[in-house]
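Worksheet: one structure, shown below.
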Amino acid sequence: MEEYPTFSFDNAFRVVEDGMIDKITFKRINLKAAKPLSEMTNNSLSGKQVICPESKVFLINTVDFTNCYIENFRAIVRSKQAGGSVEAILFKECTINAIGNQGIVSTDGKKGNYVNDVSFDGCTITNICAIADLRNTDSGKNISITNTTFCYAPMENAFLFRVAANIPIKIENCVFGGSMKIDNNIPKFNELGSGGQDDYTGSYRFSPVNSFQTSDHSSTKGSLGLSDSKMSTTGLFTDPANNNFKLNELFEGCSSVGAPEWRR
């Protein structure tokens with residue numbers, strides 16, 4: 001965790017009814033749930049979100065997380081009402097750890113409001129249940145994931161993506177390690193699990209570019225279509241159990257994939 005100010009809280013940011021917000025920015029800050037991660041008892045973790053508008057009608061043009069450490073939320077941004085819209089959610093050079101069963105970004109099933117663009121660039125993402133749960137087909141959504149390292153993702157038996165077939169997903173210059181272990185629905189952080197689901201629907205056609213998975217990244221449903229790194233999680237990363245994801249210099253993508261801080 002970076003030596004930035006830490007903001008701990010026990011409820012999500014809301015938006016006033018009919019509120020219109022141009023931009024919400026979190027920059028160089030540690031965002032953590034007030035309840036300690038050590039006290040979590042199931043895969044909803046703290047049960048809270050960073051941003052979760054409850055208003056029936058609202059507009060947020062941009063939510064921007066830059067160089068943040070974000071830990072122990074059920075979701076980071078969750079949209080619940082059909083009359084609201086979040087136009088763009090951006091994660092730039094963030095470390096995201098321990099996100100629960102709503103996923104990093106999610107709507108409330110098929111009836112949740114509109115999330116139109118989601119992007120991750122230069123991030124390290126670990127111990128998550130899901131990346132995105134976006135099932136509202138009326139949204140003009142786009143998901144872009146570039147130059148990002150994943151490990152212990154998703155949780156065993158959970159999904160990385162649960163999205164409508166019309167939502168374009170870009171995966172470029174990324175690397176995915178093995179899944180996160182669970183024990184009676186309790187996440188076992190930084191412990192390798194037996195596998196999860198790349199895609200909840202099992203039918204989404206991914207087209208990744210220069211992106212790899214470890215030999216122990218297995219999916220029981222769907223496939224990201226990643227290239228095989230020919231190395232296990234512990235072989236590809238220097239010391240993943242202690243959050244060192246520096247790439248093995250013998251790996252063919254060691255200088256071109258994952259978060260830049262972990263490249264050779």
Worksheet item: Say we look at segment 128-137 and pick out the residues that are among the aliphatic types (A, V, I, L, M) and part of a loop (DSSP other than H, G, I, E, B); which of these is surrounded by the fewest Cβ atoms within 10 Å (Cβ to Cβ)?
Response: 130
Response to the item:
Of those in segment 191-233 that are closer than 14 Å to residue 149 by Cα and in contact (Cβ under 8 Å) with a residue 40 or more places away in the chain, the residue surrounded by the fewest Cβ atoms within 10 Å (Cβ to Cβ) is 210
Item to complete: Could you tell me whether residue 125 is closer than 26 Å to residue 83 by Cα, in a strand (DSSP E or B), at pLDDT 85 or above and open to solvent by less than 10 Å² (accessible area, probe 1.4 Å)?
Response: no
Response to the item:
Pairs returned, first residue in segment 8-31 that is at positive phi, second residue that is surrounded by 11 or more Cβ atoms within 10 Å (Cβ to Cβ) and not in a strand (DSSP E or B), beta-carbon separation under 6 angstrom, 6 or more apart or interchain, are 28/4; 28/67
Practice prompt. Taking residue 141 as the residue in question, decide whether it is at pLDDT below 95 and either basic (Lys, Arg) or crowded, with 24+ Cβ neighbours inside 10 Å (or both).
Written response: yes
Fill in: strands (runs of 3 or more DSSP E) completely within segment 1-72 that count 3 or more residues being modelled with pLDDT of 90 or more and farther than 26 Å from residue 181 by Cα
6-9, 19-27, 57-66
Worksheet entry | Test for residue 90: is it part of a strand (DSSP E or B), under 16 Å from residue 146 (Cα atoms) and open to solvent by 30 Å² or more (accessible area, probe 1.4 Å) | yes
Practice prompt. Filter segment 156-171 down to the residues that are in contact (Cβ under 8 Å) with a residue 60 or more places away in the chain and open to solvent by 10 Å² or more (accessible area, probe 1.4 Å), then identify the one that is nearest to the chain's Cα centre (by Cα).
Written response: 159
Discussion item. So, residue 84, is that one closer than 25 Å to residue 27 by Cα and either within 13 Å of the chain's Cα centre (by Cα) or without any contact (Cβ under 8 Å) to a residue 24 or more places away in the chain (or both) or not?
Written reply: no
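The values are calculated or read from the model by the stated rules, or taken from the named source; none is laboratory data. Just so you know, these numbers come straight off a predicted model, no measurement behind them. As a convention, Cβ positions derive from the backbone with ideal geometry for all residues, glycine included, and neighbour counts pool all protein chains shown. To get the accessible areas, we keep the full protein, side chains included, count just its heavy atoms, and leave off ligands, DNA and RNA. Shrake-Rupley method; radii C 1.70, N 1.55, O 1.52, S 1.80 Å.
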